[in-house]
Amino acid sequence: MKTVIIHDYLENMGGGEKLMLSLAKGLNADFATLDYNPQVVEKSGFKDVNIIRLGTTPKLPLFKQVCASVRYSLLNLTEEYDFFVFSGNWSHYAGRLNHPNMMYCHSPTRAFYDQYENMKARLDPVSRQFYRMWVWPYRFLDRMSVKHIDEVVVNSRNTQKRAARFYGIASNIVYPGIDVEKFECRPAEDFWLSVNRIYPEKRVELQMEVFKKLPQMKLKVVGDALRGDHA
């Protein structure tokens, strides 16, 4: 059986990208994506994964997402592959034409659902109106596209609850794989560690506000805000 993993973009390397590339490597599957950056893939140790380039998208927010959703909606790879795995906010739009399929859900698109009000509050009044006009139809399209998914797998109980709440679907949990031999247990130190991309959805500012009220505790934040990296 020939399998392809379809992931939104591959211009930067985060946890979702590493997980799906590891899965492609383990399954000997191809990896199809938009906005492919070969340097990022090679640096992360996945140069042996066969990457299928699906093209590029505009770098402007909203235009980028609209372009991705249209491209994936029109994508048909049924002549080349027997099974499809979708990952990200937009690739599951390809589920309409490509079966049998499975979606590995990292989270329902947070800007549409649980982080909608928080994201909207960050914008100026004009941008806020455009954001509202964009989210309303895309929230509907997002839910409709999930109806074309044959099987939904999630990465945690928290994501499982979100999928049930926002999509109204049942899902199975498959935790991300970890090479435990690379790690060892050491005594705990005197700080909390937060590792994430510096995205609005990650609510890093909320973490910092909480720790301001806990002066006896330390917080260390590790991550990067990558230019042009729009989910």
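The values are calculated or read from the model by the stated rules, or taken from the named source; none is laboratory data. Remember, predicted model here, so these are calculated numbers, not experimental data. Backbone-built Cβ (ideal geometry, glycine too); neighbour counts: all protein chains shown.
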- Note on the structure: Within the range 71-95, of all residues that are of a type in the set (S, T, N, Q) and buried (at least 20 other Cβ atoms within 10 Å of the Cβ), the one nearest to residue 107 (Cα to Cα) is 89
- Query: Exactly one of (1) within 18 Å of residue 16 (Cα to Cα); (2) modelled with pLDDT of 95 or more is unmet by residue 40. Its number?
  - Reply: (2)
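Determine if the range 128-151 includes at least one residue that is under 30 Å from residue 3 (Cα atoms) and at pLDDT below 95.
Within the range 128-151, none of the residues are under 30 Å from residue 3 (Cα atoms) and at pLDDT below 95.
Quick test for you: out of 17, 79, pick the one residue that is in a loop (DSSP other than H, G, I, E, B) and either acidic (Asp, Glu) or over 28 Å from residue 173 (Cα atoms) (or both).
Numbers: 17 fails: in a loop (DSSP other than H, G, I, E, B).
Step by step, each of 17, 79 is checked, and only 79 is in a loop (DSSP other than H, G, I, E, B) and either acidic (Asp, Glu) or over 28 Å from residue 173 (Cα atoms) (or both).
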- Task: For residues that are touching a Ser or Thr at 6+ places or on another chain (Cβ under 7 Å) and without any contact (Cβ under 8 Å) to a residue 40 or more places away in the chain, tally how many sit in the range 22-36.
- Result: 3
- Note on the structure: Of the residues in the range 1-14, those that are at pLDDT 95 or above and either under 18 Å from the mean Cα position of the chain (by Cα) or assigned to a helix (DSSP H, G or I) (or both) number 7
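Just for strands (runs of 3 or more DSSP E) wholly inside the range 121-231: which have at least 1 residues that are surrounded by 14 or more Cβ atoms within 10 Å (Cβ to Cβ), polar (S, T, N, Q) and in contact with a helix residue (DSSP H, G or I) (Cβ under 8 Å, 6 or more places away or on another chain)?
Details: elements: 152-154, 192-195, 219-222.
Because the criterion is at least 1 residues that are surrounded by 14 or more Cβ atoms within 10 Å (Cβ to Cβ), polar (S, T, N, Q) and in contact with a helix residue (DSSP H, G or I) (Cβ under 8 Å, 6 or more places away or on another chain), the strands (runs of 3 or more DSSP E) in the range 121-231 that meet it are 192-195.
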